[in-house]
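The values are calculated or read from the model by the stated rules, or taken from the named source; none is laboratory data. Note that the structure is a prediction, hence the values are computed from the model and not measured. Here the Cβ is made from the backbone with ideal geometry for all residues, glycine too, and neighbour counts use every protein chain on show.
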Amino acid sequence: MKAFTVHGHFYQPPRENPWLYEVERQDSAAPYHDWNERIARECYEKNLPNYPLISFNFGPTILRWMEEKAPKVYRGILEGDRISCRVRGHGNALAQCHNHVIMPLASRRDNEIQVAWGIRDFQLRFGRSPEGMWLPEMAVDLKTLEVLAEYGIKFTILAPHQIQMWRPSRKAPWEPFSEVFYPFPLRQILPNGRHLYIFVYHREMGEAVSFGRALEDPQALLELIEKRFSPIKDGLLHFATDGETFGHHRKKGAEILKETLEKLINRGVKLTNFASFMEEVSWVPPAQIRENTSWSCAHGVERWRADCGCFAGGKPGWNQKWRAPFREAMNWLKERLDRIFQEEGAGFFKDPWAALLDYVEVMVRGPESLLPFLDRHSTRNLSTGERMKAAKLLEMARMGQYIFTSCGWFFADISGLEAVQNMTFAARAIELARDISGIYLEDGYLERLYKAKSNVPAERNGLEIYKRRVLPRRFTTKDITAHYLITSTLSGRFRETRLFRHRFRPVKVDRLEKGATCFCCGMVEVTNLAFQEKGSYLFSVLQYCPGDIHCTLSSRGKERWEETLEALKSAYHLGITHLVRELDRFFGPQFYGLESTIDVL
């Protein structure tokens, strides 16, 4: 019986503002709120009927977003894997290295973090251990495969050009691998004595689907598949492509894929997945990979560190000379973050790096799991301040992983959304490092970013991009509290709520109205849930008219807060001039207006 599968690599980079834990509005994704929402609607939702039928992987960062923002789609993905487990004995879903880091360019320790986080995230979501793992951009070296094998992964997927040598039969000598496709797994023997199976996908089929005309209609895709079956007597015919091809890049792609798969079933083709097919294989030829190669760069892994000539988007005459100094800046920062993590973490954790490997549990389960996590890993009963510091340390280390998300180097210019997002994670890591250790890393980082020159004259270089497009994304707890106070005043309701990983509890709110004006003042308790950092603010919000807001707040003077509130209310009754003078006297000249609200929701 003919056997077939298609692997869809479904992935989006982490897009959230790391101060808000929310994805901000992205105008380029209009009419949708952001690119995650747009692609979820155009692709992930439309492929719900296909997940029980195809092999697939979803990146942990997009699954985390979908769990909250697109729960129906999220549940459908998990259900697709459960159905395949029942039907085929093995699930269709593969795990993925956590946030799509180019593994050969990372240290072995970071390889372990990416693999461990990817596996545990998968286990917590899919309810089983993964058998296969997708390598970001299929970038591969022996070090990475060793880590996969040590963590129990059985197989991965590579392109034909990534296999250097093989032995096609038991008695055959080693020879160059020149196949355009091989319908059985290969076996890479690793330096640590373990082995990992490799499925080599049909590259020509993948390219025809991704860039050719194979998705114009179901008949074209069906003919492509059946034509490739003819030279295969047995084995598994398969190809791999970006999952977003089916619905986002090709608008009818999901429907065409579904119809084609149904026709294949009707014609007697067995739809299977890699893990199920492996049960039917007796002997697996040994092979040797070609290290430091990838599926999307003819120059190996140079696309993520050099001006190799590969890029997406851009204009004639552009170059990617910015990539090398951009990576140098990130490497410089990461070395110092690791040093801070090791030195500071030794004061809190039994084993700092073991704690970091386990931190994915908090990332998946949410801030409510932070305190039990700290109790499990800490050397002693930590004080409130120590718990806050330990939590910030772990979050700093998470940012240290996210700064290397591959998309930051993939496209044509350092001013692109993806590179700016990586810089944003770097800014958050720098801020947390300073809070934890008092070490200021920003100047050294910016000195290196300056060398990364943009192709866009107005953007100039990485330093200018950082100042103009990253720094405005920083928010403090005070900024977020002001947003809560202004929006609560405008809605007329002050409620206990959670917003931007903070919990707000109004202790007292007085609302006064006179003419066209409204004045609210009181006390609000705030908890930063990410770090279990608690505080409170005395506040006032003066609304002159619907669009004119004057919000002030302070964490000082709380011991006499009732007296202060009475004074503010008395001043309001005397007139706006008296009130503004009293507000300036107590809160100072800084205030938040309507423009200070955060445009995310």
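Here GLY547 meets the list (1) surrounded by 13 or more Cβ atoms within 10 Å (Cβ to Cβ); (2) in contact with a Leu (Cβ under 7 Å, 6 or more places away or on another chain) almost entirely, failing just condition (1).
Condition (residue is part of a loop (DSSP other than H, G, I, E, B), out of contact with any Pro (no Cβ under 6 Å at 6 or more places or on another chain) and in contact (Cβ under 8 Å) with a residue 60 or more places away in the chain) applied to the stretch 497-505: is it met by at least one residue? The answer is yes, given that some residue of the stretch 497-505 is part of a loop (DSSP other than H, G, I, E, B), out of contact with any Pro (no Cβ under 6 Å at 6 or more places or on another chain) and in contact (Cβ under 8 Å) with a residue 60 or more places away in the chain.
Mind listing whichever residues of the stretch 453-479 are within 13 Å of ILE414 (Cβ to Cβ) and under 24 Å from the mean Cα position of the chain (by Cα)? Listed by number, the residues that qualify are GLY462, LEU463, ILE465, TYR466, ARG468, ARG469, VAL470.
So which of VAL87, VAL115 is at pLDDT 95 or above and under 25 Å from GLN421 (Cβ atoms)? Don't jump to the end; show me each part of the working.
On the way: VAL87 fails: under 25 Å from GLN421 (Cβ atoms).
Checking each option against the conditions leaves just VAL115.
Is it true that GLN532 is within 17 Å of LYS478 (Cα to Cα) and touching a residue at least 60 places away in the same chain (Cβ under 8 Å)? Spelling it out, GLN532 is indeed within 17 Å of LYS478 (Cα to Cα) and touching a residue at least 60 places away in the same chain (Cβ under 8 Å). Identification of strands (runs of 3 or more DSSP E) wholly contained in the stretch 86-186 with 3 or more residues that are within 23 Å of the chain's Cα centre (by Cα) yields 93-96, 155-158.
Among the residues making up the stretch 407-448, those that are part of a loop (DSSP other than H, G, I, E, B) and more than 21 Å from TRP304 (Cβ to Cβ) are GLY438, ILE439, TYR440, LEU441.
The set of residues in the stretch 79-117 being without any contact (Cβ under 8 Å) to a residue 60 or more places away in the chain and surrounded by fewer than 19 Cβ atoms within 10 Å (Cβ to Cβ) consists of GLU79, ARG82, ILE83, ARG86, VAL87, SER107, ARG108. Taking (1) under 25 Å from GLU464 (Cβ atoms); (2) buried (at least 20 other Cβ atoms within 10 Å of the Cβ); (3) under 23 Å from the mean Cα position of the chain (by Cα) in turn, VAL362 satisfies each apart from (1).
I need a count of the residues in the stretch 187-229 that are part of a loop (DSSP other than H, G, I, E, B) and either buried (at least 16 other Cβ atoms within 10 Å of the Cβ) or not charged (D, E, K, R) (or both). Total meeting the criteria: 10. State yes or no: is ASN17 touching an Asp or Glu at 6+ places or on another chain (Cβ under 8 Å) and at pLDDT 95 or above? The answer is yes for ASN17.
Residue-wise test of (1) of a type in the set (D, E, K, R); (2) at pLDDT below 95; (3) in contact with a strand residue (DSSP E or B) (Cβ under 8 Å, 6 or more places away or on another chain); (4) surrounded by fewer than 14 Cβ atoms within 10 Å (Cβ to Cβ).
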| residue | (1), (2), (3), (4) |
| --- | --- |
| TYR445 | no, no, no, no |
| PRO472 | no, no, no, yes |
| ASP479 | yes, no, yes, no |
| PHE504 | no, no, yes, no |
| ARG511 | yes, no, yes, yes |
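Being at pLDDT below 95 and over 24 Å from PRO104 (Cβ atoms) is a condition met by at least one residue of the stretch 303-314.
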